[in-house]
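Note sheet for the following structure.
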Amino acid sequence: MSKKGNNTAGILAGFIIGAAAGVVLGMLYAPDEGKETRKKLKKKAEDFKNQAVDNYEKISEKTANKYHDVSEKVKHQYHNISEQVKDVAGKVADSVKKGYEKYIDKAISGTSDTLKDVETELDGLK
């Protein structure tokens with residue numbers, strides 16, 4: 001995750017914790033009865049839980065979307081690079097084949113010349 005994502009998650013967590021602490025302290029010092037205060041605390045805890053679940057779902061969805069986007073980009077780049085490698089490999093193979101053919105042609109030509117020279121020498125010995 002990027003630094004920005006870590007900062008956002010930290011800020012969000014700090015905000016939720018701070019808000020929860022503020023609500024709890026406010027209720028503890030409020031002039032309500034214990035039963036009423038516990039009821040309010042329970043309601044606020046449920047609200048915070050629901051809010052945390054909602055935020056988790058939003059972050060999970062964003063993460064899944066980002067993963068999908070990055071995955072598609074990587075697949076696209078892989079395809080492009082693999083096509084480039086195939087193209088370069090084909091060019092190298094063609095170049096090697098042409099070089100080999102030139103070498104064979106020169107070798108055959110040189111061998112023919114040498115054979116003619118030997119035949120001429122042998123004819124001269126007769």
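Every read-out reported here was derived from the displayed coordinates using simple, explicitly stated rules and does not represent laboratory data. Fair warning: this is a prediction, and the values are worked out from it, not measured in the lab. So basically every Cβ, Gly included, is an ideal-geometry build from the backbone, and we count neighbours across all protein chains shown.
Taking each DSSP H run with n ≥ 4 as -39500 (n - 2.57) and averaging over every residue of the chain yields -35500 deg cm²/dmol at 222 nm. The distance between label points at Asn80 and Leu12 comes to 3.1 nm (points 7 Å beyond Cα on the Cα→Cβ vector).
For Asn65 and Lys43, what is the calculated FRET efficiency with R₀ set at 25 Å and r taken between the beta-carbons, to the nearest 0.05? Let's see the in-between values first.
Details: r = 33 Å, r/R0 = 1.32.
The value I calculate is 0.15.
Each label point was placed 7 Å from the Cα along the Cα-to-Cβ direction; for Ser112 and Ala20 their separation is 9.1 nm. Listed options for log10 I(q)/I(0) by the Debye sum over Cα atoms at q = 0.09, 0.14 Å⁻¹ are [x] -0.62, -0.88; [y] -0.39, -0.72; [z] -0.48, -0.89. The value calculated from this structure is the one marked [x]. Among Tyr78, Ala107, Ala9, which residue has its Cα positioned farthest towards the positive end of the charge dipole of the chain, with +1 placed on the Cβ of Lys and Arg, -1 on the Cβ of Asp and Glu, and the dipole taken about the Cα centre? Checked the options; the winner is Ala9.
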